[in-house]
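Coordinate-derived values only; no laboratory data. Nothing here was measured: the structure is a model prediction, and the numbers come from that model. Neighbour counts run over all protein chains shown; Cβ positions are idealised from the backbone, glycine included.
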Amino acid sequence: MLTAHAHAGTAPLGIAHARGARPLTTALMVLAFAALTAACAQVRVHSPLSPVPFTMQTFAVGLAGLAMPAPAAVLSMAIYVLAGVCGAPVFSGGGSGVAHLFAATGGYLVSYPLAAALARAALRSDRGGRFGRAFMAMLAAHAAVFALGVPWLKAATGVPWSEALFQGFVIFLPSTIVKSLLGAAVVAPRRAR
């Protein structure tokens, strides 16, 4: 369901927002984005260069922030993380359990609610066109993921900062740009109608 924002000049690009979406629609979107994040966690590629796999999770996290109001996006990602902690096999490779929060990837997982909220906040900028704002919002989501993920990776593995930055950030830059472009391409055209 696409909704129009009252002030098209400063409107975020989201598919649903608080005034236009029905509560049931928003609830279904919250659950759908939690499920999408779980599905995207299963799209993974391991690298010998990092204990953190390449996944599509951050694509879903950023997309949640683009598609829903911040509270709904945060709730969606919190449901995803909580489901995994409680035993649902939603983390990368079908993983689950609280131990994942204390492993090398824990900071990335914990960052998802914040990342979705930051994507939404960045989307509200009045600078640039629809595609540019959506792209920058996706990059903001990824920045939040790295800001929490890299220090957590360092703490969990004990590697020096230079290695943590390489293993948890540098090698992910190309995929981050691709996922951000993809997120912008998915959402921006929907608001043009």
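Multiply the residue separation of Ala99 and Ala143 by 0.36 nm, subtract the distance between their alpha-carbon atoms, and state the gained length in nm to one decimal. Intermediate values should be presented prior to the final figure.
Numbers: separation 44, 0.36 × 44 = 15.84 nm, distance 2.40 nm.
Full extension from Ala99 to Ala143 adds 13.4 nm.
Each Lys and Arg contributes +1 and each Asp and Glu -1, all at the Cβ; summed about the Cα centre of segment 118-193, the dipole is approximately 560 debye. Taking other C-beta atoms within 10 Å as the exposure proxy, Leu182, Leu36 rank Leu182, Leu36 from fewest upward.
Exposure proxy shown here: for Arg22, Arg120, Arg133, the number of other Cβ atoms within 10 Å sets the order, fewest to most, as Arg22, Arg133, Arg120.
When Val74, Val159, Val61 are ordered from fewest to most other Cβ atoms inside 10 Å of their Cβ, what list results? All intermediate terms of the calculation are to be shown ahead of the outcome.
Numbers: Val74 21, Val159 17, Val61 33.
If I rank by nearby Cβ atoms, fewest first, I get Val159, Val74, Val61.
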